[in-house]
Every structure is written in C-alpha cells, then in structure tokens.
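Let me begin by presenting the structure, written as structure tokens, before commenting on it.
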Number of protein chains: 2
Amino acid sequence: MEDRTYTADAEPGDTVTVAGWAHELRDLGGIAFLIVRDTSGKIQVKFEKDEMDDDLVETGLNIARESVVQVTGAVEEEPRAPTDVEIVPEEVEVIAGADPELPLDPSGKVDADLSTRLDNRTLDVRKPEVKAIFEIRAEILRAVREYFRSVGGTEINTPKIVATGTEGGTELFPVTYFGQEAFMNQSPQLFKQLMVGSGLERVFEIGPIFRAEEHNTPRHLNEATMIDFESAFIDHNEAMDVCEGTLHAAYQAVEENCQEQLDLLGYDDFAAPEEDFPRLTYEEAIERINATGELDEQLVWGDDLSTEAEKALGDEIGGHYFITDWPSEIKPFYIQDYDDDPELSKGFDLMHPRMELVSGGQREHRFEALEEGFEQQGLDPSQFEYYTKMFRYGMPPHAGWAYGVERVVMTMLDLDNIREAVLFPRDRQRLSP
Amino acid sequence: MEDRTYTADAEPGDTVTVAGWAHELRDLGGIAFLIVRDTSGKIQVKFEKDEMDDDLVETGLNIARESVVQVTGAVEEEPRAPTDVEIVPEEVEVIAGADPELPLDPSGKVDADLSTRLDNRTLDVRKPEVKAIFEIRAEILRAVREYFRSVGGTEINTPKIVATGTEGGTELFPVTYFGQEAFMNQSPQLFKQLMVGSGLERVFEIGPIFRAEEHNTPRHLNEATMIDFESAFIDHNEAMDVCEGTLHAAYQAVEENCQEQLDLLGYDDFAAPEEDFPRLTYEEAIERINATGELDEQLVWGDDLSTEAEKALGDEIGGHYFITDWPSEIKPFYIQDYDDDPELSKGFDLMHPRMELVSGGQREHRFEALEEGFEQQGLDPSQFEYYTKMFRYGMPPHAGWAYGVERVVMTMLDLDNIREAVLFPRDRQRLSP
C-alpha cells in the first residue's frame with residue numbers, strides 16, 4: 001500500500017488512508033468512534049450518524065474488533081481524542097473481518113494466561129506492551145552485533161545438525177539425517193573454537209541452540225537464541241571485558257533507542273549500568289555467600305552454587321557481577337586450568353542478581369591437555385577427532401563465552417517468565433505454534 | 001594479549017610483540033626469514049645467524065610451519081621485505097607447535113580438493129582468499145539487516161523444531177522431541193506470516209533452515225542460512241522493491257567495505273549493480289526463452305522453468321531479474337492468485353543468470369481461500385490449525401520472500417560450489433565437522 005499513512009504520522013489538514021486493526025468501537029448514540037491501531041500507534045475515526053452517508057456509518061458500526069480495516073478521510077484536530085486528532089471518514093473498507101469470538105483480547109482489558117497467549121501469539125503481540133518486548137529484543141541483537149564488529153569480530157554461522165554434541169550424548173535431541181543418527185547442536189562451542197584457529201581469529205554467532213533438558217521452569221527453554229563469542233590471543237580476563245562491553249552496549253542502546261517501548265512497559269527509571277561489573281573469585285563468592293547467613297548449610301570449596309546461593313549473593317551485590325577462578329572439576333573439560341594450580345580453572349560466569357547469564361573462560365588450546373580432558377570427562381576423543389585434530393596444527397590461546405538473548409531480555413525487563421522473551425517458546429509441553 | 005600488535009600495524013621505529021602463525025621459513029644460509037601471519041596480514045622476521053643469540057636463532061629456525069608463535073622485536077624498514085618492514089627479533093616463543101605433517105597447506109602452494117579442505121576447515125580458512133569469502137559473507141549479513149531496519153523491519157527468531165513442516169511432510173528431517181515426532185523447520189514461512197498479523201507488521205529473520213532434499217549438487221545444501229522477509233500491507237510489487245533493496249545494499253556494502261577481500265579474490269572490476277532489476281512476467285519469460293532457440297522443446301504455458309531454460313534467459317539478460325505472475329499451479333498454496341484470473345498467481349522469483357535466488361509473493365490472507373488452498377495441496381488444514389486459525393482474527397494483506405545467503409555469496413563472488421560459501425556444509429555425505 002504505497003499511499004498508506006501510519007496513524008502516528010497523520011497530521012491535521014491531511015487527507016490520509018490509514019490501515020490497521022479495529023481496536024475498539026464506542027457507540028455513544030448520535031456519534032460513534034472507531035479506534036484504528038497500527039504498528040505506529042492508534043487513531044480515532046469519528047462517525048456522526050446523522051451527518052454521514054448511511055452506508056458508511058453502517059459499515060463503520062458493524063466492524064468486529066480486530067478486523068483489518070482501511071479508512072480514508074480528512075484528519076482534524078480534536079483535543080478530546082486520545083491522540084489529539086481524529087479522522088472524518090470518507091471511505092471505510094473492511095479488508096479482513098475478524099470472528100467476533102476472539103480467543104484473546106489484544107486490548108488487554110481481559111487478562112489471559114500465558115498458555116492462551118502463546119497459543120495465540122499473533123493476537124498477543126498486537127498488545128503494544130508485548131510488541132515492545134520484541135522490539136527491545138531486536139535492538140539488543142543489533143547493538144550486540146555492532147559491538148562485536150567494533151572489536152573486530154566476524155559473524156559466522158555454524159551447523160545446527162551435528163554428528164556429536166559439545167559435551168557428549170546428554171541432553172541432545174536426536175535427528176535422523178539421511179538414515180544416520182545425528183543431533184541438534186546444543187552449542188556452537190566446538191565450531192567457534194575451530195574458527196579462532198583459522199584466519200578469522202575473532203568470531204561471533206547469534207543463532208539457535210537446542211537442549212533436551214528435562215527442566216520445565218520459568219527460566220529454561222529447550223530452544224534458545226544464543227549469542228556466542230570466541231577470540232584467539234585473548235585470555236579469560238579480556239573475554240570478560242568483551243562480554244561486559246556487549247551488555248553495556250545493549251543496555252545503552254535500549255535506553256537510547258527504545259524509550260517509547262520502555263514507557264509502554266512502565267519503566268520510567270530504566271538506566272543502563274555505568275559501572276564496571278565487579279569480578280569476584282569463586283573463593284570470595286562462597287565466603288560472601290556464607291557471610292550472608294542466608295543458607296542453611298555453609299558452602300565449602302568445590303560446591304557448585306545453588307539457586308539460593310546465587311540469590312543470596314545477587315541480593316547483596318545488586319547488579320551484574322562475574323565469578324572467576326572456579327574449581328576445575330565443576331567446569332567443562334575444554335576450560336583451561338591455571339598452570340600453577342590445576343585445581344583452579346580459568347572459567348567464569350556472569351551473574352545477574354536473578355540468575356546466571358553467561359558462562360565462559362579461557363579454553364584449553366594444547367592438544368595433549370585437551371585429549372586428557374576428554375578422557376577425564378569419560379568422552380571418547382576419537383568421536384571428536386574433527387575437532388581435536390585441528391589442535392595439532394597450531395591452535396592459538398583463546399577464550400570466549402556465550403549467553404542466551406532470552407535471559408538478557410528477561411533480566412533487563414524484569415520479566416517473570418523466560419517465555420515472555422521468545423515469540424514461540426519450546427519446552428517439554430510446547431511444540432506448537 | 002593486551003600488548004599484541006597486529007602485523008599490519010607494525011611501524012618502523014616501534015618495538016612490538018606480534019602473534020600469529022608461522023607462514024613460511026626461508027633459510028638462505030647466513031640469514032633466514034620467518035614470515036608470521038595473523039588476521040591482519042603478514043610480517044617478515046629476520047634471523048642473522050652470526051649476529052644473534054644462538055638460542056634465539058635455534059628457536060627461529062626450528063619452527064614448524066603453521067605453529068603459533070609470538071615474536072617481540074624492533075620494526076625496521078626493509079624495502080626487500082614483502083611489506084617493506086621486518087622485525088629484528090629479541091624474543092621468539094613457540095606458543096603452539098604444529099605437527100610438521102599438515103593435512104592441508106594454508107599457503108595455498110599445494111592444491112587440495114574440496115573435501116580435504118572441508119575436513120580441515122580451520123587450516124583452510126587460514127588462506128587469506130578463503131577467509132575473504134567469509135568476511136564478505138558477514139558484511140552481506142550486516143548490510144541486509146541494516147537495510148531491513150531502514151524500511152522498518154523488526155528482527156525476529158522463530159522456532160527451528162516444529163510439529164509440522166511448511167509444505168507438509170516432504171523433505172523434512174525428523175527429530176525426536178521428548179518422545180514426540182517433530183521436524184527441523186524447512187522455512188520460517190508460517191511463523192513470519194503469523195507475525196505480520198501481530199503488531200510488528202514487518203519482520204525479518206536470518207537463520208538456519210533444514211531441507212532433507214536428496215539433491216547433492218554444487219548448488220544445494222541440506223542446511224542453509226535463510227534471509228526471510230515478510231510485511232503486512234504490501235503487495236508482491238512492494239515486496240520485490242524491498243528484495244531488490246537488500247541486494248543492492250549488500251553489493252554496495254561489499255564494494256565499499258571489502259575492497260581488500262575482493263582484491264584477494266581477484267575481482268578488480270567488482271561493481272554493484274546500479275540499475276533496477278528487470279521484471280518479466282512468466283509469460284514474457286517463456287516467450288523470450290523460446291525465442292533464444294536454446295531449448296530442444298518449446299516451453300508452453302504451465303511448464304516450470306528447467307535449469308536450461310533459466311540459463312538461456314539468464315545469458316540473454318546478463319544480470320538479476322524478476323519473473324512475476326506465475327501459473328498458480330506451480331506456486332505454493334499460500335501464494336495469492338489474481339482475483340480476476342485464478343490461474344495466475346502473485347508469486348515471483350528473483351533470478352541470477354546462474355540460478356534462482358529468491359522466491360516470494362503476495363500471500364493468501366483470506367481464511368476461506370487459505371483453507372481451500374490447503375485442501376487442494378492435499379494437506380490436512382487441521383494439522384496447521386495453529387497457523388490457519390489466526391487468519392480468522394484479522395490477517396492483513398501481506399507479502400514477502402526469502403533467499404539463502406549462500407546463493408547470494410556464491411553468485412556475487414562467482415564461486416563454483418555453494419560449499420565454498422558456508423563454513424561447515426551439510427549435505428548427503430557430510431555431517432562432520
């Protein structure tokens with residue numbers, strides 16, 4: 001529709017054609033108002049019954065809510081209208097009539113449970129505040145990619161159908177690939193590492209990952225969009241710098257470019273974090289957690305951090321923070337240990353007070369140490385030969401990390417459920433739409 | 001490595017630490033040269049045997065090719081060096097020694113077949129001309145996203161594990177999803193359509209698609225990266241405008257920002273197309289193909305275009321072109337037909353002289369017509385209820401299209417095989433790496 005005007009751009013004095021959804025119809029007797037909603041906003045259309053063509057009024061008053069309509073008319077100032085302007089219609093066309101029985105009310109006046117909303121995502125994302133979440137999500141992706149490019153990263157795409165998982169056969173969805181057993185990839189980990197050993201050196205990928213985890217919680221998804229970064233010739237500290245850089249960039253971009261969306265979501269005090277994220281060692285972390293007195297049992301060195309432990313520390317710190325220098329045994333085999341203390345790894349996590357966001361670290365780049373790691377993990381290195389053999393031909397020291405965009409959206413916007421941050425979630429119960 | 005200098009930035013007078021791969025070692029007797037390659041380029045390191053520390057010379061002369069090395073020293077002007085400068089080393093460290101038996105020669109002096117290259121992609125992408133392809137690919141993705149945003153598109157991510165395929169059960173890879181039968185999605189088609197009916201109205205996605213096609217040809221992949229676009233309130237002509245816009249933007253971006261990569265690939269005359277792409281109706285296309293006299297048998301209305309037919313027309317036109325107004329019966333059911341001629345559809349293809357790139361069209365947005373289309377296709381509409389039911393609640397007229405980034409890279413850079421345009425291709429034979 002080349003002659004379409006967005007409702008937000010309709011100025012008094014113009015004659016415009018707008019197109020959108022019938023958001024609401026208010027019949028006050030002699031006068032009736034149709035509110036037309038499009039992606040830019042809403043506009044009021046006035047029907048004066050005695051002064052307008054009967055057919056036009058008839059059409060206007062019989063429009064079912066959420067029908068797609070097209071209205072042509074003069075735009076006039078009207079201080080009593082929601083946007084201070086209204087259209088006096090000359091022509092009204094119902095392009096696609098809606099069934100009057102809506103499974104979901106996009107005006108938001110009637111609450112719907114999450115399951116109904118996800119079953120009817122088209123109607124759900126007509127709500128401006130739901131749409132706002134996905135506009136913010138898109139802005140985060142834009143900002144993160146821009147940041148990666150500013151530090152010399154090259155975007156890559158790695159395969160999602162793979163012969164073997166990153167960490168063995170657990171939590172993988174099996175695929176039948178031309179009669180062969182294959183899997184949906186749970187992480188680009190091994191592939192991005194292969195690329196830091198190539199001439200690209202520094203790479204990023206934003207794409208889907210698949211995890212057959214049994215968890216069905218408000219913060220787990222079985223298919224998520226992962227932001228992966230990996231770079232040659234950096235260590236875990238520099239990797240944390242880049243990680244922090246992407247998140248600062250994302251928050252700043254949302255603050256600068258999504259004020260309208262933040263307003264819709266009710267964030268009048270959204271502020272991008274300006275300070276550096278504190279970096280605690282694992283040892284410091286467990287000491288501080290124990291000192292909170294929030295846990296029934298004191299943590300000892302070697303324990304993984306429970307949700308309660310993370311919460312206790314997160315409440316105290318009150319913002320993002322890194323935990324570094326983890327015990328080797330609770331980090332994956334491809335994370336490098338300190339040379340002077342093999343019990344201590346160069347892995348790190350980035351935490352938000354509500355949950356873990358990032359896991360990363362310096363990787364093991366030495367062939368012999370890597371093969372040993374596979375064996376210690378109970379994995380057969382020969383199954384991963386496509387990966388390990390490249391470590392025999394000059395693999396540089398490297399580090400990297402990954403985070404799911406859904407967790408970033410969820411924590412940034414303080415959403416209750418991660419399913420609010422993905423259009424069509426996949427979980428144990430949900431495979432459709 | 002915070003004190004690392006890229007080889008391309010080493011200036012005479014500096015003392016630098018460079019890190020990269022041992023590209024070549026030339027021992028001329030009293031003097032030897034080590035060429036260090038990193039992502040930015042190469043630099044020469046000079047070993048004067050009689051004037052330098054014996055251990056340093058010993059280390060330098062025993063470096064196996066493709067080992068990862070770190071060299072610290074003074075940069076001096078040297079007109080005989082490949083980049084007019086060289087490093088006089090003070091310290092040389094082998095960070096990761098390479099096995100002297102390389103499966104592939106990244107210097108490119110020894111040819112390798114494609115299969116060997118793909119098995120050893122890490123080494124292969126050390127070749128600057130291979131790396132250049134993937135840098136150009138990344139630039140195309142950047143430019144296309146930027147174009148989408150300039151026309152109001154919102155980036156979305158749709159699920160890759162789905163209950164039903166876009167066009168029924170053919171050519172789908174089955175996945176076991178918590179005991180249920182599911183599939184890898186062959187296209188975001190249905191999901192992006194669901195989103196144009198939401199408040200987002202205009203959406204794009206760049207992500208993987210999976211097709212269990214039996215084809216094993218130089219232009220087919222079983223997993224590809226698709227660029228998808230869909231918008232409410234536009235018709236097929238406006239969808240073609242956006243499609244053309246993305247490709248013009250991609251070519252221009254490559255011309256402006258990838259000159260170094262184009263030089264490496266030997267394109268001294270790369271020029272972004274400046275003209276609009278011609279738009280031929282299907283009827284005009286078959287007439288012109290018949291007129292070439294290249295085909296053994298004349299095409300008649302209703303025939304699909306064979307590879308030979310496309311080639312005959314492509315050779316004549318010599319650049320990108322659209323074919324519009326296809327017979328309805330050879331286009332998918334979700335493409336809308338002309339109201340005044342139901343034999344004729346509003347589908348279109350964008351052709352490159354070498355192959356089809358894009359397929360798109362105006363979609364059927366009317367619930368009844370869509371259900372009829374499902375049935376005519378022999379599909380059970382109830383299986384797609386998650387999709388069709390949204391058409392009962394105000395689905396706007398809409399249009400869109402999709403193309404694979406690999407075909408764009410392949411045609412833009414005149415690559416022989418589509419596997420040159422993807423880091424880790426998936427085909428009937430290849431599932432690893």
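The values are calculated or read from the model by the stated rules, or taken from the named source; none is laboratory data. Note that the structure is predicted; figures quoted are calculated from it, not measured. Using ideal geometry, Cβ is built from the backbone for each residue, glycine included, and neighbour counts are taken over all protein chains shown. Remember, those area values only see protein heavy atoms, side chains included, never the ligands or the DNA or RNA. Shrake-Rupley method; radii C 1.70, N 1.55, O 1.52, S 1.80 Å.
For residue A:346, which lysines qualify as cross-link partners when the Cα separation must be under 16 Å and same-chain residues fewer than eight apart are set aside? Filter leaves A:331.
Just counting partner chain Cβ atoms within 10 Å, what average do the residues of peptide A:144-151 show around their Cβ? Could the numbers behind the result be given before it?
Numbers: counts 0, 5, 2, 0, 1, 3, 0, 0.
So the per-residue partner count for this stretch is 1.
Note on chain B: GNM, Cα springs under 10 Å; of B:242, B:144, B:57, the largest mean-square fluctuation is that of B:57. What spacing in nm lies between the two simple spin-label points modelled at residue B:213 and residue A:268, each 7 Å away from Cα in the Cβ direction? Taking the simple label geometry, residue B:213 and residue A:268 are separated by 5.6 nm. Ranking A:41, B:278, A:158 by Cα position along the charge dipole of the protein assembly as shown, where only Lys, Arg, Asp and Glu carry charges on their C-beta atoms, puts A:158 farthest toward the positive end.
For chain B, what does -39500 (n - 2.57) per DSSP helix run (n ≥ 4), summed and divided by total residues, give at 222 nm, in deg cm²/dmol to the nearest 500? Helices in chain B give a 222 nm mean residue ellipticity of -8000 deg cm²/dmol. Quick check: from the Cα gyration tensor, does region B:173-263 come out rounded (a/c under 1.5), prolate or oblate? Oblate, because a/c is 1.5 or more while a/b does not exceed b/c.
Highest GNM mean-square fluctuation among A:396, A:353, A:79, for chain A modelled with Cα contacts below 10 Å: A:79. Placing unit charges on the Cβ atoms only, positive for Lys and Arg and negative for Asp and Glu, gives region A:7-96 a dipole magnitude near 480 debye about its Cα centre.
Return the equivalent ellipsoid semi-axes of chain B as a descending list in whole Å, where each equals the square root of 5 times an eigenvalue of the C-alpha gyration tensor.
Working: eigenvalues 535, 108, 81 Å².
Square roots of five times the eigenvalues give 52, 23, 20 Å.
Compactness of the protein assembly as shown, taken as the C-alpha radius of gyration over 2.2 N^0.38 Å, stands at 1.03. About the centre of its Cα atoms, chain A shows a dipole size close to 1320 debye [charges on the beta carbon of Lys, Arg (+1) and Asp, Glu (-1) only; nearest 20 debye]. Assuming charge only on the beta carbon of Lys and Arg (+1) and of Asp and Glu (-1), the dipole of the protein assembly as shown about its Cα centre is about 1560 debye to the nearest 20. Rolling a 1.4 angstrom probe over the protein assembly as shown with all protein chains present gives an accessible area of which 41% lies on carbon and sulfur atoms.
Per residue, region A:7-96 exposes an accessible area of 45 Å² to a 1.4 Å probe, with every protein chain left in place.
Set the bar at 28 Å for Cα to Cα. Now go through A:127/B:160; A:42/A:109; B:192/B:311; B:42/B:109; A:192/B:42 and name every pair that lies beyond it. Show your work: numbers first, answer last.
Values: A:127/B:160 25 Å; A:42/A:109 16 Å; B:192/B:311 32 Å; B:42/B:109 16 Å; A:192/B:42 23 Å.
Pairs exceeding the cut-off: B:192/B:311.
Mean separation of Cα pairs under 8 Å and 6 or more residues apart, divided by the residue count, gives chain A a relative contact order of 13 percent. Between 0 and 90 degrees, rounded to the nearest ten: what's the tilt of helix A:367-376 against the longest Cα principal axis of chain A? Tilt of helix A:367-376: around 80 degrees.
Residue-wise HN-Hα couplings along region B:16-33, as the Karplus relation 6.51 cos²θ - 1.76 cosθ + 1.60 with θ = phi - 60° gives them from phi, are 10, 10, 10, 9, x, 10, 6, 6, 6, 10, 10, 9, 9, x, x, 9, 9, 10 Hz; Gly and Pro carry x.
If DNA, RNA and ligands are ignored and the probe is 1.4 Å, what is the ranking of B:386, A:338, B:6, A:403 by accessible area, most exposed first? If you can, show how the numbers build up before the last one.
Values: B:386 30, A:338 55, B:6 85, A:403 0 Å².
The most accessible residue leads, giving B:6, A:338, B:386, A:403.
Counted over all Cα-Cα pairs of region B:91-161, pairs farther apart than 18 Å make up 61 percent.
Count, for each residue of A:216-226, the Cβ atoms from other chains sitting within 10 Å of its Cβ, then give me the mean as a whole number. Before the final figure, lay out the partial values.
On the way: counts 1, 0, 0, 0, 0, 0, 4, 5, 1, 2, 0.
Mean number of neighbouring Cβ atoms from other chains: 1.
Here the simple spin-label model places points 7 Å from the Cα toward Cβ, and for residue B:91 and residue A:51 these points are separated by 8.6 nm.
Placing dummy labels 7 Å off each Cα toward the beta-carbon, the span from residue A:101 to residue A:83 is 3.3 nm. By definition, a body whose alpha carbon gyration tensor gives a ≥ b ≥ c is oblate when a/c is 1.5 or more and a/b is not larger than b/c, and region A:211-286 fits this oblate description.
If you look at the Cα atoms of region A:1-151, you get an Rg and a Dmax of 17.7, 66 Å. Connecting C-alpha atoms closer than 10 Å in a GNM of chain B, tell me which of B:155, B:90, B:256 has the biggest fluctuation. Of the options given, B:90 has the highest mean-square fluctuation. With unit charges on the beta carbon (Lys/Arg positive, Asp/Glu negative), name the residue among B:79, B:12, B:67 whose Cα is farthest towards the positive pole of the charge dipole of region B:7-96. The residue sitting farthest along the positive end of the dipole is B:67.
Summed over all non-identical Cα pairs, the Kirkwood treatment of region B:42-95 gives a radius of 11.6 Å.
Overall size of region B:7-96 from C-alpha positions, given as principal axis extents largest first: 28, 26, 20 Å.
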